[in-house]
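Taking it in order: structure first as structure tokens, then the write-up.
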Amino acid sequence: MNALKENMNVPQHIAIIMDGNGRWAKQHNKSRIEGHKKGAQQIKKVLDGARKFGVKYITLYAFSSENWNRPKVEVSALMHLLEKSIKANEKDFIKNEVRFETIGDISALPSYCQKAIAKIKKSTQHFNKQTLILALNYGSRDEITRVVKKLITSAENNEISSKDITWECIQQNLDTAHIPDPDLIIRTSGEKRLSNYLMLQAAYAEFYFTDILWPDFDEQHLHDAIQEYANRERRYGLTSEQIQKQC
């Protein structure tokens, strides 16, 4: 694998939609849960690669608020896999000083998952070399609804007025308030949609779609995505000429 070019523009925050576990399992004549297990194994590889390339934040769409509609057997297996993966990787996170965070309403997760999450959050809370964020029971529509309810309650209690409700105010009440917006969003498996993921935060993100299924997505594929990102011009509403004058 070729190294990233010196002074290449590397995204500070990459968010990934880990898609394709089920299709990978079908291709390999395995059960869907075996596909999820293989997908879980890729997380460490991608996290290690991201650290090597200088990416400080990685957010993974691990379990959406819509995933509860999947077969109960699969949901139960996913919850146990989540707990097992967290416990198995805690020592590695501590060794590499990786902070563990979550977004989404984790209160709906089984108690054993909440306990494992609370433990690893506490043991990694002081690290700042790299941050892994798992989106668990997360959906942008649910997130926005929770923010609106919170702001309405604050207004009813005379804590804020309508003039106080700016984008900055909304941003400070999102699940990602303490995390920079993603610079790059990667979706594996060939699908080309956000699927209710970080819809507000993705306003100026670059998108990278690949046909590679998540269980096959590795450091080399991450490298390729970052290289393509580095070749794009991010204008934020400006013209190319304006961007060039700022350089």
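When segment 143-159 is examined, which residues are found to be touching a residue at least 40 places away in the same chain (Cβ under 8 Å) and surrounded by fewer than 17 Cβ atoms within 10 Å (Cβ to Cβ)?
Listed by number, the residues that qualify are ILE144, ARG146.
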Of the listed residues (GLY49, GLY35, GLY39), the one being over 17 Å from the mean Cα position of the chain (by Cα), assigned to a helix (DSSP H, G or I) and crowded, with 16+ Cβ neighbours inside 10 Å is GLY35
Look at THR176 and say whether it is in contact with a helix residue (DSSP H, G or I) (Cβ under 9 Å, 6 or more places away or on another chain), more than 20 Å from GLN130 (Cα to Cα), at pLDDT 95 or above and among the β-branched types (Val, Ile, Thr). no
Might you check whether a residue that is closer than 24 Å to GLU219 by Cα and small (Gly, Ala, Ser) occurs anywhere in segment 72-87? yes
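The values are calculated or read from the model by the stated rules, or taken from the named source; none is laboratory data. Since this is a predicted model, take the numbers as computed values, not measurements. Cβ coordinates were reconstructed from backbone atoms using ideal geometry, including for glycine residues, and neighbour counts include every protein chain displayed.
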